[in-house]
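What follows is one structure encoded as structure tokens, with my remarks underneath.
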Amino acid sequence: LDFLHAELTFDIPHSQVAIHPADCQVFLNLSDGCVAVHLTDFNPAQPRLSPDGKWLAYVSDESGRQEIYVRPFPDAGQAKWQVSVNGGTEPLWAHSGQELFYRTPRGELVVRSVGGDQTFEMGPPEILFDASRFAGDNYHAIYDLTPDDSQFVMIGTNEAIREDLIFV
């Protein structure tokens with residue numbers, strides 16, 4: 001398995017995750033071997049494993065637009081839940097594992113409370129704020145949370161930076 005040429009790779013404790021869009025699979029490279037998980041035939045992207053390693057959030061265009069989905073991991077064939085409503089990209093788990101964030105096509109940052117041990121459970125979507133002033137990306141989440149989940153770290157766009165400048 002070539003992790004170097006994957007669309008995305010990231011480390012979780014004792015493993016590495018990679019997604020290869022050509023064959024629509026996510027690979028988990030564990031210390032005792034590699035596990036391949038087929039998610040969908042519809043362009044999976046932006047995989048994010050929950051902090052406890054039980055759930056995999058990802059983006060797919062199987063509905064005709066990009067949406068956020070969650071599947072159990074590594075047994076992804078067991079179930080699937082659509083998280084976003086009317087489009088979504090850039091999924092991000094809270095470090096606590098109790099919230100899943102994503103961005104809408106309009107640039108809003110949305111949160112859904114999540115839980116469940118054997119089945120995935122979600123609260124209603126809640127728009128947190130308009131994040132359109134901050135850079136977004138269709139391939140990777142380019143925002144993050146502080147370790148205590150209390151603040152977001154985002155990259156301002158040129159327009160946002162100019163609005164905040166004060167000239168004397």
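The values are calculated or read from the model by the stated rules, or taken from the named source; none is laboratory data. Only a predicted model underlies this, so the values are computations on that prediction, with no experimental measurement involved. Each accessible area value is taken on the protein alone, full model and side chains, heavy atoms only, with ligands, DNA and RNA left out. Shrake-Rupley method; radii C 1.70, N 1.55, O 1.52, S 1.80 Å.
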If you take the residues in the range 115-155 that are open to solvent by less than 60 Å² (accessible area, probe 1.4 Å) and among the β-branched types (Val, Ile, Thr), which one is nearest to the chain's Cα centre (by Cα)? ILE142
For the range 75-100, give me the residue count where each residue is open to solvent by 60 Å² or more (accessible area, probe 1.4 Å) and within 17 Å of SER60 (Cα to Cα). 5
With the requirement that a residue be β-branched (Val, Ile, Thr), over 19 Å from LEU56 (Cα atoms) and assigned to a loop (DSSP other than H, G, I, E, B), what does the range 111-155 give you? THR146, ILE155
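Per-residue answers, yes or no, for (1) of a type outside the set (A, V, I, L, M); (2) on the phi < 0 side of the Ramachandran plot; (3) modelled with pLDDT of 90 or more; (4) open to solvent by 30 Å² or more (accessible area, probe 1.4 Å):
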| position | (1), (2), (3), (4) |
| --- | --- |
| ALA36 | no, yes, no, yes |
| ARG48 | yes, yes, no, yes |
| PHE73 | yes, yes, no, no |
| TYR102 | yes, yes, yes, no |
